[in-house]
Amino acid sequence: SNNRPALVFCTSRQSTHLGASALVRCIHSQASLGSPIFQNIFTDALSDYQKALLAETAARCCSKPNRDLLVHGIAVHHADIATQDRTLIENMFRQQLIRVLFATTTLAQGVNLPAHLVIIKSTSVYSMGTMQEYDRNTILQMMGRAGRPQYDVKGVAVIMTENNKVREYERICAGEYGNIESQL
């Protein structure tokens, strides 16, 4: 993400927590091995003041999972998070103190949180008793968070999907599906 904030869109609230926890475990294991990759991104990139601010913010957070994540510059965002915590997390992300935010698709629809890197962790979501692909508008909304003109000169979107669906998402990214019209 070129040392700028990243958004990881997950298909469920539970997967936001699982992804964030996995990243923290990865940081700890890489740090214990002496790997500079994660240390540079999550520790060297923040000043002592910013680290203290993250610790202070974590202490004010209602959600224990987010308290444990915030000290690492990582957070989760979904409808089950207390309003106070959501506001706190959104502000910290805008200030680029939160380096990676794991969120559900509701974040793409309503909150303007631009990022340099957007990762769509999966394109299949469980809905109405079956696995379904996200609709084209949802994919574009999520990708649209990457590289907003007033915040960044370019952005990167990564879509993680099954091999047999790659061409479909390449076509969406290339704009080969025609115009998108509102259904309101």
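Observations
- Site pair Gln50 and Arg171 shows an inter-label distance of 4.2 nm when each label is modelled 7 Å from Cα along Cα→Cβ.
- The amide H of Ala146, built 1.01 Å from its N in the peptide plane, has Ala115 as neighbours under 5 Å, considering only residues 5 or more places off or on other chains.
- FRET efficiency estimate (nearest 0.05) - Cβ-Cβ, Lys154 to Tyr126, R0 25 angstrom: 0.15
- Counting only DSSP beta bridges with both residues in segment 76-160, the antiparallel share comes to about 35 percent.
- Of Asp80, Asp152, Asp68, the order by accessible heavy-atom surface (1.4 Å probe, DNA, RNA and ligands excluded), from most exposed downward, is Asp80, Asp68, Asp152.
- Neighbour net charge for Cys61 - beta-carbon separation under 15 angstrom, K R +1, D E -1: -1
- Counted residue by residue at 0.36 nm each, then reduced by the alpha carbon distance between them, the extension gain from Thr106 to His28 reaches 25.1 nm.
The values are calculated or read from the model by the stated rules, or taken from the named source; none is laboratory data. Fair warning: this is a prediction, and the values are worked out from it, not measured in the lab. As a convention, Cβ positions derive from the backbone with ideal geometry for all residues, glycine included, and neighbour counts pool all protein chains shown. Each accessible area value is taken on the protein alone, full model and side chains, heavy atoms only, with ligands, DNA and RNA left out. Shrake-Rupley method; radii C 1.70, N 1.55, O 1.52, S 1.80 Å.
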